[in-house]
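**Student:** Got a structure for you, written out below as structure tokens; questions coming shortly.
The values are calculated or read from the model by the stated rules, or taken from the named source; none is laboratory data. It should be emphasised that the depicted structure is a prediction, and the values quoted were computed from it without experimental measurement. Cβ sites come from the backbone with ideal geometry, for glycine too, and all protein chains shown count toward neighbours. Heads up: the accessible areas ignore ligands, DNA and RNA and are worked out on the full protein's heavy atoms, side chains in. Shrake-Rupley method; radii C 1.70, N 1.55, O 1.52, S 1.80 Å.
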Amino acid sequence: MGDLSTPAISDITNTDEWYDASGESSSCNSNVINPARKENTHEQSPSKKKINVEVNDKRAMQFAEKNSINVNLNVGPAPLCYEEKAIEEREKCDYSIKITLDMAKNGTAPRAIRIYADGIYDLFHAGHARQLMQAKNLFPNVYLVVGVCNDKLTHSKKGKTVMDEAERYESVRHCRYVDEVITDAPWVLNDDFLTQNKIDFVAHDEIPYGAEGSDDIYQHIKARGMFAATQRTEGVSTSDIICRLVRDYDMYVRRNLARGYSAQDLNVGFIKKNQLELQTRLDTVKSKFRSYEEESKTFMERWEDRSKEYIHSFIGLFERSGVLTLLQRARSPRMLLNTHSSNSDTDDDDYMVKLKDTSKKNTSKPQSSVLSNDRQYDGMTQE
């Protein structure tokens, strides 16, 4: 890479003079132009073309190096144990240097610490990711190797899995904490496997895991000081997820039938299929009825609020114009007849009160006027 830049500089000095417009503008008048130099600006010598090609090749190499660096930074999926990148990393490791637990904790290990974690990793979930995250962050400078058991071994030990081995390998290798995936991982670890893969520590939770007549298959690893404990995530596991699927089996079958899966794909009989389809239709009708009820309730609430606003605005309009008071004073004849029969006594009392008031007014007049009126009345009677 360094040989490309040096010849390029020497070729530039040996070629025809280049026209530097920026240099000329600073030292010479811009109105004076050298015709010879102007022609050189439009023509390019073969040596200059060669330099441009070399520069382009250099940029291409730099781009390729940058991409390879990104791969080395674990931007892509983790390699499988038989791939070239994993083999190079394994051969590069000097396993003759024994790393103790104290060295790993203190960060004084002279090389990357290879930690191994294994499992089935069926239906890869948050509990699996948290386990691998803890293993990756146990010590500084950790190279995390994850072993995944194949289908044959898993089915014989634990039973049928939801995902096959290829799917489980792919799920684990795309986890950000994983640096390498070992396929066909053994159920019980032995010294040959640890030496072959240059494992420094094995990460697992401290709960004893019994198998093949042993109370804890990690007992001999703990005795050698190669065990690193992680915490198990409670509340989430593959068994819990399968339990949810079994509990809500009908719902998931109906959902997949609605999405285009056939009854044969779901291993569902004819009667069961019709029963589930009928249940789906009933649920659809119920949901529509509930939505209709909610819409009706919302409509009535809105109408009630608006009707109150209309009534208040209507009353306010009449109160401002004084029409409401006039309507209260003016009563219809029918209302007067109805009220007169029921309130005749009160009307008579009102009439007597009015007479008394008029008599009081008459008595308040002067005596002369009263006498004159009496004389006039007597004269009229005599005639």
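**Student:** Can you tell me which residues in segment 234-285 are among the small types (Gly, Ala, Ser) and closer than 18 Å to Leu123 by Cβ?
**Tutor:** Gly235, Ser237, Ser239
**Student:** Take Asp216 and tell me if it is open to solvent by less than 50 Å² (accessible area, probe 1.4 Å) and in the same structural domain as Asn137 (by the TED database).
**Tutor:** So Asp216 passes the test.
**Student:** Report whether or not Gly235 is under 27 Å from the mean Cα position of the chain (by Cα) and assigned to a loop (DSSP other than H, G, I, E, B). Full working, then the answer.
**Tutor:** Details: under 27 Å from the mean Cα position of the chain (by Cα): yes; assigned to a loop (DSSP other than H, G, I, E, B): yes.
Criteria met by Gly235.
**Student:** Whether any residue in segment 172-187 is more than 18 Å from Ala78 (Cα to Cα), open to solvent by 60 Å² or more (accessible area, probe 1.4 Å) and of a type in the set (Asp, Glu) is what I want to check.
**Tutor:** No: segment 172-187 contains no residue that is more than 18 Å from Ala78 (Cα to Cα), open to solvent by 60 Å² or more (accessible area, probe 1.4 Å) and of a type in the set (Asp, Glu).
**Student:** I want to confirm something. Restricting to segment 222-234 and keeping residues that are touching a helix residue (DSSP H, G or I) at 6+ places or on another chain (Cβ under 8 Å) and at pLDDT below 90, which single residue is most open to solvent (accessible area, probe 1.4 Å)?
**Tutor:** Arg232
**Student:** So, of the residues in segment 132-145 that are open to solvent by 30 Å² or more (accessible area, probe 1.4 Å) and among the aliphatic types (A, V, I, L, M), which turns out to be nearest to the chain's Cα centre (by Cα)?
**Tutor:** Selected residue: Met133.
**Student:** If you go through segment 90-128, how many residues are acidic (Asp, Glu) and open to solvent by 50 Å² or more (accessible area, probe 1.4 Å)?
**Tutor:** Total satisfying the criteria: 3.
**Student:** Among the residues in segment 146-166, are any part of a loop (DSSP other than H, G, I, E, B), within 28 Å of Gly225 (Cβ to Cβ) and open to solvent by 40 Å² or more (accessible area, probe 1.4 Å)?
**Tutor:** Checking segment 146-166: not a single residue is part of a loop (DSSP other than H, G, I, E, B), within 28 Å of Gly225 (Cβ to Cβ) and open to solvent by 40 Å² or more (accessible area, probe 1.4 Å).
**Student:** Among the residues of segment 188-213, count how many are in contact (Cβ under 8 Å) with a residue 24 or more places away in the chain, open to solvent by less than 80 Å² (accessible area, probe 1.4 Å) and not in a helix (DSSP H, G or I).
**Tutor:** 12
**Student:** Considering only segment 252-260, I want to know if a residue exists there that is assigned to a helix (DSSP H, G or I) and open to solvent by 90 Å² or more (accessible area, probe 1.4 Å).
**Tutor:** Yes; the residues of segment 252-260 include at least one that is assigned to a helix (DSSP H, G or I) and open to solvent by 90 Å² or more (accessible area, probe 1.4 Å).
**Student:** Name the single residue that is nearest to the chain's Cα centre (by Cα) among those in segment 171-202 being farther than 22 Å from Asn137 by Cα and of a type in the set (Asp, Glu).
**Tutor:** The qualifying residue nearest to the chain's Cα centre (by Cα) is Asp184.
**Student:** Separate question: Residue check, Leu245 against (1) under 30 Å from Leu138 (Cα atoms); (2) at pLDDT 85 or above; (3) surrounded by 12 or more Cβ atoms within 10 Å (Cβ to Cβ), all met but one. Which one?
**Tutor:** (1)
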